[in-house]
1. Between residue 140 and residue 89, what length comes free when the chain is fully extended (0.36 nm per residue of separation minus the Cα-Cα distance, one decimal in nm)?
2. If we sort 119-129, 195-205 on the protection proxy, mean other Cβ atoms within 10 Å, highest first, what's the order?
3. Roughly how many whole Å is it from the C-alpha centroid of segment 20-71 to that of segment 104-121?
4. Build a GNM of the chain with springs between Cα atoms under 10 Å: which of 147, 59, 163 gets the top mean-square fluctuation?
5. What 222 nm value per residue comes from the helices of the chain, counting each DSSP H run with n ≥ 4 as -39,500 (n - 2.57) and dividing by all residues, nearest 500 deg cm²/dmol?
6. What ranking do 24-30, 140-146 get when scored by the average of other Cβ atoms within 10 Å per residue, highest first?
7. Tell me the relative contact order for the chain as a rounded percent, counting alpha carbon contacts under 8 Å between residues six or more apart.
8. For the chain, give the share of DSSP beta bridges that are antiparallel, in percent and rounded to the nearest 5; count only bridges with both residues there.
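A short reminder: the numbers here are calculations on the coordinates, not readings from a lab. Predicted model only: the values in this text are computed from it and were never measured. Virtual Cβ from ideal backbone geometry, glycine too; neighbours counted across all protein chains shown.
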Ligand code: FES
């Protein structure tokens, strides 16, 4: 098994050092439970949904270590909600009119296809009427004249990126003091919670190797 070596950024906050794994992308879903003013409101003609519609698909596909899911309040273009915004492979895509439960798995199918291909793919036919671009392109010469931590590393690998990290959710954990631990191929892994340990023990290779070997 080839170990996956995620790229990490070392950051300092509140007097402590942290190792943060860089992501391939993030999906932001506007939800009533998180303070939307229109999305998810049936009285405003939008499909009501529980956040589980999105989170269960996300968890089932085991992509949380590459694509983060965030539930948010109003993203802005309320008139065309339900709305979501996807950032993947450095490209932002907006999703509108998500008023059919079948669209959530379609969005994740598309995300998984782009993860597998390592590229930005056209939206599949099921999503063709739902994608659009809200942001203006950057003007010529808009490249920042300053460095951001982690910018421009293009997936540079950390030789021991899993050291001090829960390999499932990628939260920082101390293997010496963690309550939840598991052995795998002679190494001890620590977990933030029993749920992460359970998922890891069921299929360690899927978290330690590349995405291509992941089982559904
Ligand atoms: S309430 Fe969802 S975009 Fe405004």
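1. Gain on extension, residue 140 to residue 89, equals 16.3 nm.
2. 195-205, 119-129
3. What the calculation gives is 16 Å, centre to centre.
4. Among 147, 59, 163, the largest GNM mean-square fluctuation belongs to 147.
5. -5000 deg cm²/dmol
6. 24-30, 140-146
7. 21
8. If we restrict to bridges inside the chain, about 80 percent are antiparallel.
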